[in-house]
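Everything below concerns the one structure shown next.
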Amino acid sequence: MGRHISPCENMAGEGCGLKRVLDLIGGKWKILILCVIYAEGTVRYGELRRRVYGITNTMLAHSLREMERDGLVERHQFDEMPVRVEYSLTASAGSMIPILLELKRWGEEHLEHEGLPS
């Protein structure tokens, strides 16, 4: 009888797709930033700052720089004063949204509001 290969095998390995995704969007803020941009389509920095509750300016700026570098968000700076910058999702990040929404649905179904398992 052949050995069953688990989809979770070698998850700690460098080439594991799940590990690479978690490296890309892991942490406290990036998924929330993606969801706000998705909901708005295009969003300015100040609006992101207001909508992502609890994030500091430093963390938002750092996260957006990383997300732009990693191809998740597009930054468009307008040639006007004061400077206006808008962010939108790349097609790649947009394709991740249904997965994130499914995780959200799972959390709403299986976790109590206090964050403890039901």
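Quick notes on this one:
- Within the set Glu47, Glu102, the sole residue that is without any contact (Cβ under 8 Å) to a residue 12 or more places away in the chain, surrounded by 11 or more Cβ atoms within 10 Å (Cβ to Cβ) and not hydroxyl-bearing (Ser, Thr, Tyr) turns out to be Glu47.
- Count - residues of region 63-111 that are in contact with a Lys or Arg (Cβ under 6 Å, 6 or more places away or on another chain) and on the phi > 0 side of the Ramachandran plot: 0
- Contact map, region 52-70: first residue closer than 16 Å to Val21 by Cα, second residue of a type in the set (Lys, Arg) and part of a helix (DSSP H, G or I), Cβ cut-off under 6 Å, separation 6 or more or different chains; pairs are Ser63/Lys30.
- Screening Arg20 against (1) among the basic types (Lys, Arg); (2) at pLDDT 90 or above; (3) in a helix (DSSP H, G or I) leaves a single unmet condition, (2).
- For the criterion of being of a type in the set (Ser, Thr, Tyr) and at pLDDT below 95, Ser6 passes.
- In region 80-99, the residues that are among the aliphatic types (A, V, I, L, M) and under 18 Å from Ile31 (Cα atoms): Leu89, Ala91, Ala93, Met96, Ile97, Ile99
- Within region 72-84, the presence of at least one residue that is of a type in the set (D, E, K, R), modelled with pLDDT under 95, surrounded by fewer than 16 Cβ atoms within 10 Å (Cβ to Cβ) and not in a strand (DSSP E or B) is confirmed.
- Ala93 vs. criteria surrounded by 15 or more Cβ atoms within 10 Å (Cβ to Cβ) and part of a helix (DSSP H, G or I): yes
The values are calculated or read from the model by the stated rules, or taken from the named source; none is laboratory data. If you're wondering where the values come from, they're calculated on a predicted model, not measured in any experiment. Cβ sites come from the backbone with ideal geometry, for glycine too, and all protein chains shown count toward neighbours.
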